[in-house]
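Asker: Dropping a structure here in structure tokens format, bear with me for questions.
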Amino acid sequence: MLLQTTQLTAHYGDFQALFGIDFHLEAGEIVAIIGANGAGKSTFLKTVTGLLPALPEAVRFDGARLGGRPPSEIVAAGVAMVPEGRRLFPSLSVEENLRMGAYSRRPGKWNLESVYELFPMLRDKRHAPSTSLSGGQQQMVAIGRALMANPKLLLCDEISLGLAPIVVQEIYRTLGRVTAEGLSAVIVEQDVGLAQRASSRLYCFQEGRVSLTGRSDELSREQISQAYFGV
Amino acid sequence: MLNWIDTILQGIILGGLYALFALGQSLILGVMRLTNVAHGDFIILGSFAGYALISGIPGTPLTGLGLNPVITMLILLPIAASFGYGLQRGVLNGTLGADPMPSLVVTFGLSIIIQNLLLELFSADPRSISALGVETKSLALGENIHIGILPLIIFVLALAATALMEWLFHRTDLGRAFRATADDIDTVRLMGVNHRHVYALATAIAFALIGLAGMLQGLRTVIQPADGPGLLLYAFEAVIIGGLGSFWGTFAGGVLLGVAQSIGFRFDPGWGILIGHVVFLVMLMIRPSGFFPKTR
Amino acid sequence: MSTAASVPYTVERATRASRVAAVLGAALVVLAVSLPWWGTNVAMRSVVEISCYLVFASMWNLLAGYGGLVSIGQQGFLGLGGYFLFIFAQKMGVNPFVSVPLAALVAAAISVPTAQFVFRLQGGYFAVGTWVVAEVFRLIFANVSALGGGSGTSLTAMVGIPKATREMITYWMALAIVVFAVGLVYGLLRSRFGLALTAIRDSERAAESQGIDVARVKLIVYVLAAFGAGLAGALYYLSNLRISPDVAFSVNWTAFSIFIVLIGGIGTIEGPILGALLFWLLNNYLSDYGSWYLIGLGLMAIVVIIKWPRGIWGSLSHRFGWQLFPVQRTLRLDKE
């Protein structure tokens, strides 16, 4: 069991966003999280990465209780996130963004060279301001930046958002290559079909709760619709 | 004619010092958008600290080390940097946020405390750090133009400090962390950056610059406990004129301010500082984002 | 078929505390007005001094606590008020008492072009920018020898008036100004303008999307605050009779204001009143300690803003819902 959350709750001030999420992921798995806007998907990722507080036992990663630890400890343990909306650093060039990803200095196969091999078009743009790239290219930088931390687990928050379908295909193909080498991933997706195809298991969130979970290839359209909208 | 060249030259040299006052503030503003109202008071605190390291505190058993200014500076800078680190982590980190009130009030309170503490320890008598004779030496450029050696040293130090800051900010790992933290604090934490530590490092560096500026101010002129606010305004104006986010811009802003003041002093001793403020206000109207604005 | 019945409600403005306070306040006013006949000269001058601090602090509070514009240069307008009192009364022969509101009007007028400069800055930069403007005023007046230059000048235009009369009228003027200033702020905040102001304070963008002309509201608040500061300055020097640029334009005025408002409670009307009284007490008994007293004030300000950001009154008001000057509207559902 690589990642496990037990009765995970989360609050924004007085507002409760998560109501006891039970979630698990085995090493090497790709698990998808789907759900409507506001269902708590991003909140879940924020809590796992330490941006939101949690009880110590609520989040276990690689055997250690990581709930409530600061993000720097969680990154050092091997979790890296590709944030929603990419969140590249506008003052930094492409290469500088990638280098920031390696701040935690975790050893592994991912470095500038291997990232440029994965995304060859970034090599030509390495010194360009990160904001001058197209949406798809920025997404590649964001993924590359997360890989630079040599994580055991990659958290991808809506990486298809705002991108043309052909670009999305390309990105998921590349992601597939990366995870085939053993990297585990959680993918949060608005596109349900995409989520099902890209993952082995999936969870559906609805208003801060898990409304459905199962193997991605075994869940039917109707099951998912009902769980998605809470009908 | 030569008199004008002399005036402008003196102004440029003076501007170098103002740039040095402003560099620390430019860094802190750039990394964490904190307005430190006590900035000038910390510079004067640095001046008096340098003074005390050499000559001690009057009326107390502390007699000072009596070392020359350069050695004293080397002792003062690490002390100043550590102080800055502690101040940021201990007090100022808690004031950061969207509301400018807490940081303004806290630094305002610090300003009052520093001024009055210095007043109690050193009285209002003007003091000066001896430059061991260097203050009287000058360089002659042609027949009628003389530049003091000490102001020239200060100018060169200011240039070097600005170049160092540019290099640090744009070519080092730490500088990259500064820029990333200033851009997006949540995402930078996801990279494993401890933002509290990064902010404190920025302040530590800024305070090293403050210590340097304070020492030089004490060498070049007389210092009094109430001098702080004036220096804050010069630093602030240099940063705004130059454009936020650019150290060379801050340098240019300082030079423009120095030249304006120098020209003003020529007309009338009372007008020097006023002309500087007026030039700032004019720049604010015609080029509010400064000489070299960095777009975010 | 049932009709949707609307729940009957009333909108309440007053609270029980405010009703009590209103009665007490009226009694206090009667007491205060009659002071010249049973109090000492020292008492009268103290009240005048507290009034100046109170009015100045209230204006700073209006600007910062309600308008969201934190200024550390309001002393610029206070000094203008003081100097224009001298210009009107001394140089132009206008009745000194009439010169007070006139001087304040001039300060307000000058604040309009000033706003063009300082409004180009935001947040902390705005604050320091206002200080630059105050310094500009100070340096200008320090260089005008006709007004005494750096060492200042004295108001001799009142020499002809007997001292007792002068002090009495000054005292009543102070009371009138306090009532006017506090009343102005209170009335403003109860009005639609006050709603706009609070909206802007909470979220400028949201306010703008509601059709509020944010720039205009901010300018109005700034000008009003300048007027109030000018009143405080003119009043102070009407009582003091001797003005110098270093004191009139001193940033200490703002420092004391911040202290008063912080201790009392920012963004409330009662706050500055409480703070001014407390401050005057501290000033009276501790100012002999000079620098240590000021260090103490500075420390207090730092501690209060970190631990009790709402101030003393603000914290109490928040806990218990006390409002002596109710500006909120409470929706109360009528019982059947």
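Asker: Please work out if C:S46 is exposed (fewer than 15 other Cβ atoms within 10 Å of the Cβ), of a type outside the set (F, W, Y) and at pLDDT 75 or above.
Answerer: So C:S46 fails the test.
Asker: Mind telling me which of the residues C:A207, C:A196, C:A225 ends up being open to solvent by less than 10 Å² (accessible area, probe 1.4 Å) and at pLDDT below 85?
Answerer: Exactly one of C:A207, C:A196, C:A225 is open to solvent by less than 10 Å² (accessible area, probe 1.4 Å) and at pLDDT below 85, namely C:A207.
Asker: For the range A:121-145, enumerate the residues that are of a type outside the set (D, E, K, R) and more than 14 Å from chain B (Cβ to nearest Cβ).
Answerer: Hits for the range A:121-145 are A:M121, A:L122, A:A128, A:L133, A:S134, A:G135, A:G136, A:Q137, A:Q139, A:M140.
Asker: Sticking with this structure for a sec: Within the range A:172-192, restricting attention to residues that are among the small types (G, A, S) and surrounded by fewer than 20 Cβ atoms within 10 Å (Cβ to Cβ), which residue is nearest to A:G50 (Cα to Cα)?
Answerer: A:G182
Asker: Let me ask something else about it. Taking the residues in the range B:250-296 that are among the charged types (D, E, K, R) and part of a loop (DSSP other than H, G, I, E, B) as candidates, determine which candidate is nearest to B:M165 (Cα to Cα).
Answerer: Applying the filter and picking the extreme gives B:K294.
Asker: Another question, if that's okay. What number of residues within the range B:256-278 satisfy the criterion of being open to solvent by less than 50 Å² (accessible area, probe 1.4 Å), within 11 Å of chain C (Cβ to nearest Cβ) and in contact with a helix residue (DSSP H, G or I) (Cβ under 6 Å, 6 or more places away or on another chain)?
Answerer: Summing the residues that are open to solvent by less than 50 Å² (accessible area, probe 1.4 Å), within 11 Å of chain C (Cβ to nearest Cβ) and in contact with a helix residue (DSSP H, G or I) (Cβ under 6 Å, 6 or more places away or on another chain) in the range B:256-278 gives 5.
Asker: If we scan the range C:235-244, do we find a residue that is assigned to a helix (DSSP H, G or I) and of a type in the set (D, E, K, R)?
Answerer: No: zero hits.
Asker: Mind checking which residues of the range B:230-255 are over 19 Å from B:V156 (Cβ atoms) and surrounded by fewer than 21 Cβ atoms within 10 Å (Cβ to Cβ)?
Answerer: Correct list: B:G230, B:L244.
Asker: What number of residues within the range C:278-321 are in contact (Cβ under 8 Å) with a residue 12 or more places away in the chain, away from chain B (no Cβ under 12 Å) and farther than 29 Å from C:A43 by Cβ?
Answerer: 4
Asker: Ok, one more. Can you go through B:G30, B:G11 and tell me which one is surrounded by 21 or more Cβ atoms within 10 Å (Cβ to Cβ), modelled with pLDDT of 85 or more and in contact with a Leu (Cβ under 8 Å, 6 or more places away or on another chain)?
Answerer: When all the criteria are applied, what remains is B:G30.
Asker: So which residues in the range B:120-150 are within 30 Å of C:I295 (Cβ to Cβ), open to solvent by 50 Å² or more (accessible area, probe 1.4 Å) and more than 21 Å from the chain's Cα centre (by Cα), if there are any at all?
Answerer: Across the range B:120-150, the qualifying residues are B:E120, B:L121, B:A124, B:D125.
Asker: Would you confirm whether or not the range A:30-39 contains a residue that is modelled with pLDDT under 90, open to solvent by less than 40 Å² (accessible area, probe 1.4 Å), in contact with a strand residue (DSSP E or B) (Cβ under 8 Å, 6 or more places away or on another chain) and in a loop (DSSP other than H, G, I, E, B)?
Answerer: Yes, because at least one residue in the range A:30-39 is modelled with pLDDT under 90, open to solvent by less than 40 Å² (accessible area, probe 1.4 Å), in contact with a strand residue (DSSP E or B) (Cβ under 8 Å, 6 or more places away or on another chain) and in a loop (DSSP other than H, G, I, E, B).
Asker: Anything in the range A:147-171 that is closer than 13 Å to A:L118 by Cα and crowded, with 18+ Cβ neighbours inside 10 Å? List them, or say none.
Answerer: Within the range A:147-171, A:L147, A:M148, A:I171 qualify.
Here is a yes/no grid of residues against (1) more than 21 Å from the chain's Cα centre (by Cα); (2) away from chain B (no Cβ under 14 Å); (3) of a type in the set (A, V, I, L, M); (4) open to solvent by 20 Å² or more (accessible area, probe 1.4 Å):
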| residue | (1), (2), (3), (4) |
| --- | --- |
| C:A27 | yes, yes, yes, yes |
| C:A32 | no, yes, yes, yes |
| C:L62 | no, yes, yes, no |
| C:G79 | no, yes, no, no |
| C:G93 | yes, yes, no, yes |
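Asker: Something else now. Scan the range C:115-129 residue by residue and report those that are open to solvent by 50 Å² or more (accessible area, probe 1.4 Å), in a helix (DSSP H, G or I) and either within 7 Å of another protein chain (Cβ to nearest Cβ) or basic (K, R) (or both).
Answerer: Once the filter is applied, which keeps residues that are open to solvent by 50 Å² or more (accessible area, probe 1.4 Å), in a helix (DSSP H, G or I) and either within 7 Å of another protein chain (Cβ to nearest Cβ) or basic (K, R) (or both), the range C:115-129 yields only C:F117.
Asker: Related question: I'd like to check which helices (runs of 4 or more DSSP H) are fully inside the range A:56-120 and have at least 2 residues that are open to solvent by 50 Å² or more (accessible area, probe 1.4 Å), at pLDDT below 95 and away from every other protein chain (no Cβ under 14 Å).
Answerer: A:112-118
Asker: Hand me the list of helices (runs of 4 or more DSSP H) wholly inside the range B:10-125 holding 1 or more residues that are within 14 Å of chain C (Cβ to nearest Cβ), small (G, A, S) and within 22 Å of B:L216 (Cβ to Cβ).
Answerer: B:39-55, B:101-122
Asker: Continuing with the same structure: Could you check the range C:130-187 and list, in sequence order, the residues that are within 14 Å of chain B (Cβ to nearest Cβ), touching a residue at least 12 places away in the same chain (Cβ under 8 Å), buried (at least 16 other Cβ atoms within 10 Å of the Cβ) and not aliphatic (A, V, I, L, M)?
Answerer: Correct list: C:T130, C:W131, C:E135, C:F137, C:R138, C:F141, C:G148.
Asker: Sticking with this one: Would you mind finding the one in B:I79, B:I112 that is surrounded by fewer than 19 Cβ atoms within 10 Å (Cβ to Cβ) and of a type in the set (A, V, I, L, M)?
Answerer: Result: B:I79 is the single residue among B:I79, B:I112 that is surrounded by fewer than 19 Cβ atoms within 10 Å (Cβ to Cβ) and of a type in the set (A, V, I, L, M).
Asker: Kindly establish whether C:A107 is under 11 Å from C:A226 (Cβ atoms) and either crowded, with 24+ Cβ neighbours inside 10 Å or in contact (Cβ under 8 Å) with a residue 60 or more places away in the chain (or both).
Answerer: yes
Asker: Identify all residues within the range B:202-232 that are farther than 16 Å from B:G15 by Cα, within 14 Å of chain C (Cβ to nearest Cβ) and in contact with a Phe, Trp or Tyr (Cβ under 9 Å, 6 or more places away or on another chain); write none if there are none.
Answerer: If the condition is that a residue be farther than 16 Å from B:G15 by Cα, within 14 Å of chain C (Cβ to nearest Cβ) and in contact with a Phe, Trp or Tyr (Cβ under 9 Å, 6 or more places away or on another chain), then B:Q224, B:P225, B:G228, B:P229 are the ones that fit.
Asker: If a residue must be surrounded by 15 or more Cβ atoms within 10 Å (Cβ to Cβ) and not in a strand (DSSP E or B), how many such residues does the range A:1-21 contain?
Answerer: Within the range A:1-21, residues that are surrounded by 15 or more Cβ atoms within 10 Å (Cβ to Cβ) and not in a strand (DSSP E or B) number 1.
The values are calculated or read from the model by the stated rules, or taken from the named source; none is laboratory data. Quantities reported herein were computed from a predicted structural model and do not represent experimental measurements. Neighbour counts run over all protein chains shown; Cβ positions are idealised from the backbone, glycine included. Surface areas here come from the heavy atoms of the whole protein model, side chains and all, with no ligands, DNA or RNA. Shrake-Rupley method; radii C 1.70, N 1.55, O 1.52, S 1.80 Å.
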